[in-house]
Amino acid sequence: PDAAAKVRGLIYPVPDPRYPFLGVHLTRRIDGEVMVGPNAFLSPGREAYRGGRGSWRDLRDAVAWPGFWRFAANNLPAAGRELRTASSTRRFVADAAAYMPGLTVDDVRPGPRGIRAQAMNSDGGLEDDFVVTGHGRVVHLRNAPSPGATSSMAIAEYLVDRALERIA
């Protein structure tokens with residue numbers, strides 16, 4: 001609670017333009033709790049919201065994708081940094097302390113886990129925005145980058161226009 005009282009809003013790093021994810025940040029929730037996170041490490045499964053629970057099939061599918069290895073090979077320093085924060089609470093909190101000096105491991109407790117899908121091309125490139133495709137009368141929206149974007153009325157209008165074009 002003492003550490004949470006120091007956060008009055010959102011504390012976000014300047015994004016790295018090479019990656020479509022933010023890195024560690026602090027978010028004050030509407031109930032007054034503060035969430036610290038996330039890291040950008042490969043989840044052991046699409047629905048692995050609880051520690052230790054993953055899916056061998058999901059993990060196999062992810063690492064079997066040629067783009068995964070191309071991405072990993074081109075991003076070894078970032079992968080190493082994310083591995084360190086995923087495997088060490090102390091390192092994770094130390095990263096967060098860069099934005100909130102004085103934050104210690106004693107100030108945090110485990111919280112809910114989130115999983116964000118990230119579209120990756122076979123060349124290892126990451127999609128940093130929506131990917132809109134379709135087939136016949138169906139419009140597919142893939143790689144929704146944030147909850148705020150998925151609730152955007154402007155994006156909804158754009159998708160409805162694309163769908164109506166397919167019907168006409």
Completion exercise
When the charge dipole of the chain is computed with +1 at the Cβ of Lys and Arg and -1 at the Cβ of Asp and Glu, the Cα pointing farthest to the positive end, of ASN39, SER55, PHE68, is that of SER55
Handout entry: Computed [θ] at 222 nm, deg cm²/dmol, the chain (DSSP H ≥ 4; -39,500 (n - 2.57); rounded to nearest 500)
Key = -10000 deg cm²/dmol
Fill in the blank from the handout: Highest mean packing first, using Cβ neighbours within 10 angstrom, the peptides 41-48, 100-107 sort as 41-48, 100-107
Handout entry: Kirkwood hydrodynamic radius over Cα pairs of the chain, then Stokes diffusion coefficient at 20 °C and 1.002 mPa s, in µm²/s
Key = 117
Exercise for the section: Mind running the shape call on the range 1-80? Use the C-alpha gyration tensor, a ≥ b ≥ c as the square roots of the eigenvalues: rounded below 1.5 for a/c, prolate if a/b tops b/c, oblate otherwise. Expected result: oblate
Handout entry: Sites ARG109 and LEU10 - FRET efficiency at Förster radius 30 Å, r taken between beta-carbons, to 0.05
Key = 0.90
Practice task
Evaluate the distance, in nm, between pseudo-label points positioned 7 Å from the Cα of ARG137 and of ARG70 along their respective Cα→Cβ axes.
Solution key: 3.6
Problem - Distance (nanometres) between label positions extended 7 Å along Cα→Cβ at VAL63 and ALA3 - result: 3.1
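Which FRET efficiency value, to the nearest 0.05, do you get for ASP129 and ARG91 by plugging their Cβ-Cβ distance into 1/(1 + (r/R0)^6) with R0 = 22 Å?
Between ASP129 and ARG91 the formula returns 0.15.
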Fill in the blank from the handout: Taking only the Cα positions of the range 73-168, the convex hull volume per residue in Å³ is 143
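Values quoted throughout were computed directly from the atomic coordinates according to the rules given, and no laboratory measurement underlies them. Since the structure is predicted, the reported quantities are computational estimates derived from the model, not experimental observations. When we count neighbours, we look across all protein chains shown, and the Cβ atoms used for this are built from the backbone with ideal geometry, even at glycine.
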